[in-house]
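A quick write-up on the structure given underneath.
The values are calculated or read from the model by the stated rules, or taken from the named source; none is laboratory data. Keep in mind the model is a prediction, meaning the values are calculated, not measured. Counting neighbours? That spans all protein chains shown, and the Cβs are built from the backbone with ideal geometry, glycine included. Heads up: the accessible areas ignore ligands, DNA and RNA and are worked out on the full protein's heavy atoms, side chains in. Shrake-Rupley method; radii C 1.70, N 1.55, O 1.52, S 1.80 Å.
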Amino acid sequence: LYKIGRYEAALLELDDLVKTYQTDSKLYEMRGTVLDRLGRTELALKSWNQALRFNPSNNSLKKFIERKQARALAG
């Protein structure tokens, strides 16, 4: 769904999956990406930070969040 640009539908699917797999960091990471595509940066950051809580060793996500937050503050 994401690949074909159906972001709202992708978000609904991810929300369902998160209910079942509540500690899956990849799902929260993907959810953040979809929210970001929808222009919901604040919610995206929350979702990405949740992903980090479940997988604190994801250094690439940490760096990505830092860049995203810096852009949000600058813009």
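Overview of results
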{"item": "Taking the chain and dividing mean pair separation by its residue count, relative contact order in percent (alpha carbons under 8 Å, at least six apart)", "result": "24 percent"}
{"item": "Summed side-chain charge close to Tyr7 - residues other than Tyr7 whose Cβ falls under 12 Å, Lys, Arg +1, Asp, Glu -1", "result": "+2"}
{"item": "Accessible surface of the chain [probe 1.4 Å, protein heavy atoms]: carbon and sulfur percent", "result": "51 percent"}
{"item": "Surrounding net charge for Ala72, when Lys and Arg each add one and Asp and Glu each subtract one, Cβ distance under 14 Å", "result": "+2"}
{"item": "Whole-Hz ³J(HN,Hα) from phi, Karplus 6.51 cos²θ - 1.76 cosθ + 1.60, for the stretch 28-44, glycine and proline x", "result": "5, 5, 5, 4, x, 5, 5, 4, 4, 4, 7, x, 9, 4, 4, 5, 4"}
{"item": "Integer Hz, Karplus 6.51/-1.76/1.60 couplings in order for the stretch 45-62, x for Gly and Pro", "result": "4, 4, 5, 5, 5, 5, 4, 5, 4, 8, 9, x, 8, 7, 5, 5, 5, 4"}
{"item": "Rounded, prolate or oblate (a/c below 1.5 giving rounded, otherwise prolate when a/b exceeds b/c) for the stretch 1-45 by Cα gyration tensor", "result": "oblate"}
{"item": "Per residue, in Å², the accessible surface of the chain once ligands and nucleic acids are set aside, probe 1.4 Å", "result": "69 Å²"}
{"item": "Dimensionless Rg over Rh [the chain; C-alpha; Kirkwood]", "result": "0.97"}
{"item": "Accessible area, probe 1.4 Å, largest first, for residues Arg31, Arg6", "result": "Arg6, Arg31"}
